[in-house]
Amino acid sequence: MALRNIIGKRIGNGIGLVGRRSLSTATSDVENRNAKSMNLYSAINQALHLALETDPRAFVFGEDVSFGGVFRCTTGLADRFGKARVFNTPLCEQGIVGFGIGLAAMGNRAIAEIQFADYIYPAFDQIVNEAAKFRYRSGNQFNCGGLTIRAPYGAVGHGGHYHSQSPEAFFCHVPGIKVVIPRSPRQAKGLLLSCIRDPNPVVFFEPKWLYRLAVEEVPEHDYMLPLSKAEVIRQGSDITLVGWGAQLSIMEQACIEAEKDGISCELIDLKTLIPWDKETVEASVRKTGRVLISHEAPVTGGFGAEISASIVERCFLRLEAPVARVCGLDTPFPLVFEPFYMPSKNKVLDAIKATVNY
Amino acid sequence: MASWGRRSTAVAHHVRAFFTANKTAQIRIGTRRYPFFNPAVSSALVPRPWPCINSMTSLILVDHFTSSVAGSQADSRHADDDKDDDLAIDFPGGKVAYTTKLRFISGSSGKRIPCYRVLDDNGELLINFNEVKKELAVKMYSDMVTLQIMDTFFYEAQRQGRISFYMTSSGEEAINISSAAALSKDDIIMPQYREHGILLWRGFTLQEFANQCFGNRDDVGKGRQMPIHYGSSKHNFVTVSSPIATQLPQAAGMAYSLKMDKKDACVVAFIGDGGTSEGDFHAGLNFAAVMESPVIFVCRNNGWAISTPISEQFRSDGVAVKGQAYGIPSIRVDGTDALAVYSAIRAARNMAVNEQRPVLVETLAYRVGHHSTSDDSTKYRSLDEIEQWKTDRDPVNRFRKWIELNGWWSEREETELRSSVKKQLMKAIQVTEGRKKPPLTELFTDVYDLPPSNLVEQEKQLRETINKYPMDFPSDVLGPAACTDDGDWPHHFLLPPSLSLPYGWVRDRFLARFLSLSLMVVPYSVERAWCSRRIRHRPEPANARKIAAPPSGLGVHRREGCFGCNRWFSPSPFPRRSSFGSPVRVARKALIASEQEVRKLLPWHRLPSFLSTTSSQLRRWRSREGLCEGTLAFVAVPSVVSAFPDLGSHGESTRPPSFPKWTHRWSTLNGFPSLPVKFPAVCSRYDYARASVFKALSFCLNPFVDFVVQTLRSSSVFPGHVCLCTCVALD
């Protein structure tokens, strides 16, 4: 797999990020010919344009989406598709998701935006008790499968407690919804279109640090990437690294560093957290015999724990070292201490070495 | 600006005039003149210096405030109110008038919002009202009565342990039925959980209600939710979910979709008084108002949220007053007056659909019943209070008085209606109890549109566990058909509707043995059940295989129609149905294969004498137990002794019952209402009650049972397998 232009260290230097970076997906030359270099928010924006264009029953709404959104993801949508299909809502997350469920239950594609994943908790009840169970509890008479909830998640260098959280694990405990996190612009566009068109409610977390930072060739046309399919983005033979979203770039840097020490790392992007692709991870661990999982969310009860348990269940006799987890600390997400909190490249690198030399 | 100024001045004058005349005049008095004012006007009205503020309060507040905001109010000392009133701040959302008077609008009003009604307590019209004609009125009344009786039946069914839970609409029948009557069938209902009368009105049958409450395989919700969590896409009734108020923002979204589609319909969202305290209440009303969604919010204020009275729920004047804060027209209606509810909901619907905006309706009707079957409301409110509401303000009685006054209803019709509804309900409950539970696959479907790999894997694991420990799981979900789609096959001719197989019958070989044994040992049940239920109504199948009577003079002793036909020993009387799946075919093969073996084993000459004894004893037993003619059959069930070690050959055990709920449930085999539960001191691990029924019969069957059991135990065909007899009630 081609991994190009990895520039800059996200963590460890106070300024944050530098320049272009990309974690690209292998694509055919044909696609690349029509591809345009763009950052993640533009890719999202393009996906939303396509979603609204291809389905007259699609709606985009949330706090401040009308003028383009605080991250500019909805730029130009209201002008192009009208205030009836792209609109602001009152500042009320449970209302946004509830409204979206109702809209989706009537056969529409409701694309709701929660301004920050940190503020999704008021909507937790609507997501967990309503959206996730809508189909099941009615015996498939009703469903809100057209609902997609977009929310920017994760560290951004200066977000503190309430603009940095990674709440994915909460939602991974809820049968009935899907949780998807893209790692790059090209992925974001394809996965978001899949989520919007998937007949199940999806929570789509966007790595906000990468909104402007990640730049990649993104095909112009309408394409979808499969859900519940993990991707091996770097082949290796000594250890398997599993991650998702923005953390993958950190892990990728660690892989490159490790390679200098002669450690060959296989890097897997899970993409869909539930229902997740156990088979791909399992196959990789069977090959390498070691696994490391890394995410920004606190380590305790994080989704890494689930992956770890599943791998131990399936590959116990093949494992040559304990499963390693390099994650956020079990503290609230800090401001000044963010560089200490984060599962940084060297933390990952150390864990790779420790696991390989176990 | 000018016109606004004139209007506001006019209103202010009006209010002042009123205030002078009536010291308790309130905000509403002014705005009521514009009951459904548009936002432009309302924004102009709201910030007016209300003269209605309690003067004492305002004085205190002024004193308190002067010091803190003295600077900013420097000019208020000498400002001329009227002059300043004409000035306004042009703020986002509309112009707001200035005032120099430091006044807070009152948090509570001295005079409460009145309650709209049409009928007085004696069922006589208070105004000229002709919206409801005879046909509609009679249907409304009939459905209210049906709702009442249905509630009583299901409530009792819960008390008998037949269903796990129930909630009645007692006291709120009129809200249910009248609002349903006032709406169009295209209007989408977002219920809370006490609105099943609407479904009833829309044609959801009593059988369908029963199916949901009993959670059988005909329940459209696939037995996944507690009783009363109805839902029917056919009837535009969105499935009930227990969390409170979550349906309100959803209603706003649904209605927005209707609006986009330019449908002539609205969404009607229900909620109780307690639900208004939820954040979703605010979210729902606010979203609907801002998005201008055609929603009718109906708040059934019944005075109680489980045990919390409304005085501990909110300090506002009920719920209707809250609508105004969201810019939603609101009304308070007497929920025990069917006509008032009807006309209010109809007006609300017109407004919602024609003006594309939300409306709030607060209905007042005391919750006469308990919150649910899990609640005993006498613990927190007096019986007298409940009784008083029940007797004095019963909405159904009140409406009946009105239709009787009109000459549309008589005692005779009342009796007919009640007995017919009761019959339908008895039948519905009987039928539903005989239906099987939804198949196990439904546990895993519908979580997503398609089951993902983890669910496929988990289903496989679970089935392995079931095969290993079948007795741990309820048989009515598994049954012999768990591995097939044969539907209700075993019920049709082997088992009565009220009984399904014990937990173990999931494996084909068990099924095969079961079939062969039951046919072999129990010609009585098969023949009787068969003859009475099938052959009588259907021509004998052409391909029926006639078999000669068994040897040893069976024919001579054939009595009482027990051996009414010659096919008792053959599987062929069962019509060949193409839907028969593989387990059945396996069973048939096994049956035919074992036929000759069994014939050799059992000296058939003993059967007739046994049966002749039995049938008369059965009849006696039947009459003693109060079962009607033709209700009895029995089947013999083979069992592996090792699988049920706590069962003796007669199904007796000294262990205490370990599944009291099941026990209770199985005790009521003979239809509704049930016999008093009479359990002998026996139980079984998997089916206590059935074993007890068995015991009730075993005295008359013992000689035969012992004989069969011993024969089979010692046989080479069924080594170690014991035959148990169990008696069941038919019809």
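The values are calculated or read from the model by the stated rules, or taken from the named source; none is laboratory data. Quantities reported herein were computed from a predicted structural model and do not represent experimental measurements. Note that each Cβ is placed from the backbone with ideal geometry, even for glycine, and that neighbours are counted across all protein chains shown. SASA here: full protein model, heavy atoms, side chains in, ligands and nucleic acids out. Shrake-Rupley method; radii C 1.70, N 1.55, O 1.52, S 1.80 Å.
Here are some notes:
- Choice from A:Thr240, A:Thr300, A:Thr74 with maximal GNM fluctuation in chain A (Cα, 10 Å cutoff): A:Thr300
- Derived scalar couplings ³J(HN,Hα) [segment A:342-356; Karplus, 6.51 cos²θ - 1.76 cosθ + 1.60; whole Hz; x for Gly, Pro]: 6, x, 7, 4, 6, 4, 5, 4, 4, 5, 4, 5, 4, 5, 5
- With a simple spin-label model that places each label point 7 Å from the Cα along the Cα-to-Cβ direction, the separation between B:Arg112 and B:Phe165 comes to 3.1 nm.
- Cysteines without a disulfide-compatible neighbour (Cβ-Cβ under 4.7 Å), chain A: A:Cys73, A:Cys92, A:Cys144, A:Cys172, A:Cys195, A:Cys315, A:Cys327
- Computed with a 1.4 Å probe on the full set of protein chains, the accessible area for B:Val431 sits at about 40 Å².
- Förster radius 30 Å - calculated FRET efficiency between B:Lys460 and A:Val232 (Cβ-Cβ, nearest 0.05): 0.65
- Stretchable slack from B:Trp408 to B:Tyr98, in nm (0.36 nm times residue separation minus alpha-carbon distance): 105.7 nm
- Förster-model FRET efficiency, 56 Å R0, A:Tyr358 and A:Lys36, C-beta, rounded to 0.05: 0.80
- Nonlocal Lys pairs with alpha-carbon distance under 21 Å, segment A:18-219 (8 or more apart, or different chains): 6
- Relative to the longest principal axis of the Cα atoms of chain A, helix A:303-315 runs at roughly 60 degrees.
- Separation of alpha-carbon centers, segment B:150-216 and segment A:81-117, rounded to whole Å: 31
- Label-to-label distance, nm, for residues given as B:Leu383 and A:Asp64 (7 Å Cα→Cβ offset): 6.2
- Sites B:Thr391 and A:Asp79 - FRET efficiency at Förster radius 56 Å, r taken between beta-carbons, to 0.05: 0.30
- Dipole of chain A, positive end: most advanced residue of A:Leu225, A:Ala254, A:Leu213 [Cβ charges, Cα centre]: A:Leu225
- For A:His161 and A:Asp55, the difference between the fully extended length at 0.36 nm per residue and the C-alpha to C-alpha distance is 34.4 nm.
- Chain A: most fluctuating residue of A:Phe316, A:Phe205, A:Phe61 per GNM, C-alpha cutoff 10 Å: A:Phe316
- DSSP bridge orientation in segment A:18-219 - percent antiparallel, rounded to nearest 5: 20
- Each Lys and Arg contributes +1 and each Asp and Glu -1, all at the Cβ; summed about the Cα centre of segment A:231-356, the dipole is approximately 200 debye.
- Taking each of A:Lys260/A:Lys353; A:Lys260/A:Lys345; B:Lys133/B:Lys390 in turn, the alpha-carbon distance tops 21 angstrom for B:Lys133/B:Lys390.
- Relative to the Cα centre, the charge distribution of chain A, modelled as +1 at Lys and Arg Cβ and -1 at Asp and Glu Cβ, gives a dipole magnitude of about 340 debye.
- Note on B:Ser316 and A:Tyr223: their simple-model spin labels are 5.3 nm apart, each label 7 Å out from Cα toward Cβ.
- Local electrostatic count at B:Asn236 - Lys and Arg +1, Asp and Glu -1, tallied over other residues with Cβ under 9 Å: +1
- When +1 charges are put on Lys and Arg Cβ atoms and -1 charges on Asp and Glu Cβ atoms, the dipole computed for segment A:134-268 relative to its Cα centre reaches about 700 debye.
- Residues whose placed amide H lies under 5 Å from that of A:Leu241, excluding near-sequence neighbours: A:Glu266, A:Leu267, A:Ile268, A:Leu292
- Averaging Cα coordinates gives a centre for segment A:205-219 and one for segment B:450-467; these two points are 38 Å apart.
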